[in-house]
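Novice: Starting off with a structure, shown below.
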Amino acid sequence: AGGMTDRGGVASNSDIYVLGFQECGGILGKREVDVETSLTRYFEHQSPGQYTLLTKVGMWEMRLYVYIKTVHIEKISGIRKDRRAMGILNVIGNKGSLAVSFSVLESSMCFICVHLPARAERLTQRNEMTDSILSSIFPSEKRIPILLQFDHLFFFGDLNYRVDLDYD
């Protein structure tokens, strides 16, 4: 996946950008269009004609966008999307995960963007939610764990884990 330059611009040698957002406002309404439009304009301004929105997935205030260098579009196959709502009663999508997978030539990739519960006392809930996400995203007919289904798997987002250090 790609990175930004020191000036905040797009690094032209990066082939793929995967951007995940949590708490980005709106419920799949105008804000989603604003986020997508802003990202597309940013890529067009920084590197005109070089990047294309490959796919996107959204749920409530969570978004996941995949941009790829336009010259590589023909190398992409098997695009899949998945999502898991894990908020109240596992129905509300304010917490949970968004996922995209695809292959670039012969290499398979999976990107899982999550939003887990905050607060120190919810550590067990975060761990259980992570286990649930990893066991339910892109279920395999052969029951192969997700960690073994792809050549490259990226798990990121608002994990809400905290490091509690004693500074004394």
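Novice: Taking a ≥ b ≥ c as the square roots of the Cα gyration tensor eigenvalues, with a/c under 1.5 meaning rounded and otherwise prolate when a/b beats b/c, else oblate, which class fits the range 74-155?
Specialist: Verdict is prolate for the range 74-155.
Novice: Check the chain and count each lysine pair with an alpha-carbon distance under 26 angstrom, considering only pairs eight or more places apart or from different chains.
Specialist: Qualifying lysine pairs in the chain: 10.
Novice: Also, quick follow-up: Taking Cα atoms, how many degrees apart are the long axis of helix 123-136 and the longest axis of the chain, rounded to 10 and kept between 0 and 90?
Specialist: The two axes meet at around 50 degrees.
Novice: From largest accessible area down, sort Arg63, Arg83, Arg122; use a 1.4 Å probe on the protein chains.
Specialist: Arg83, Arg122, Arg63
Novice: Which order do Thr37, Thr124 take by accessible area at a 1.4 Å probe, largest first?
Specialist: Correct descending sequence by accessible area is Thr124, Thr37.
Novice: While we're on this one: Quote the FRET efficiency, to the nearest 0.05, computed for Glu23 versus Glu141 with a Förster distance R0 of 45 Å and r equal to the Cβ-Cβ distance.
Specialist: According to the calculation, E is roughly 0.80.
Novice: Using all C-alpha to C-alpha distances in the range 51-93, build P(r) with 5 Å bins and read off the rounded percent in each one.
Specialist: 5, 18, 24, 17, 13, 10, 7, 4, 1
Novice: Determine the share of the chain's accessible area contributed by carbon and sulfur atoms, expressed in whole percent, with a 1.4 angstrom probe.
Specialist: So the carbon and sulfur contribution to the accessible surface is 52 percent.
Novice: Here's another thing I want to ask about it. In square angstrom, what is the accessible area per residue of the range 59-132 with a 1.4 angstrom probe?
Specialist: 49
Novice: Shifting gears a bit: With a 1.4 Å probe and every protein chain left in place, tell me how much accessible area Ile16 has, in Å² to the nearest 10.
Specialist: 20
Novice: Further, regarding this structure: Grab the Cα-Cα distance for Arg41 and Ser108, subtract it from 0.36 nm times how many residues apart they are, and report the gain in nm with one decimal.
Specialist: In short, 21.3 nm is gained.
Novice: Let me ask another. Roll a 1.4 Å probe over the protein heavy atoms and report the accessible area of His152 in Å², nearest 10.
Specialist: Number for this one is 80 Å².
Novice: From the list (i) -0.35; (ii) -0.51; (iii) -0.71, can you say which value of log10 I(q)/I(0) by the Debye sum over Cα atoms at q = 0.11 Å⁻¹ was derived from the structure given?
Specialist: Of the listed options (i) -0.35; (ii) -0.51; (iii) -0.71, (ii) comes from this structure.
The values are calculated or read from the model by the stated rules, or taken from the named source; none is laboratory data. This is a predicted model, so every value here is computed, not measured. Quick reminder, even Gly has a Cβ in these numbers, built from the backbone with ideal geometry, and neighbours come from all protein chains shown. Quick note on the areas: whole protein, heavy atoms, side chains included, nothing else; ligands and nucleic acids left out. Shrake-Rupley method; radii C 1.70, N 1.55, O 1.52, S 1.80 Å.
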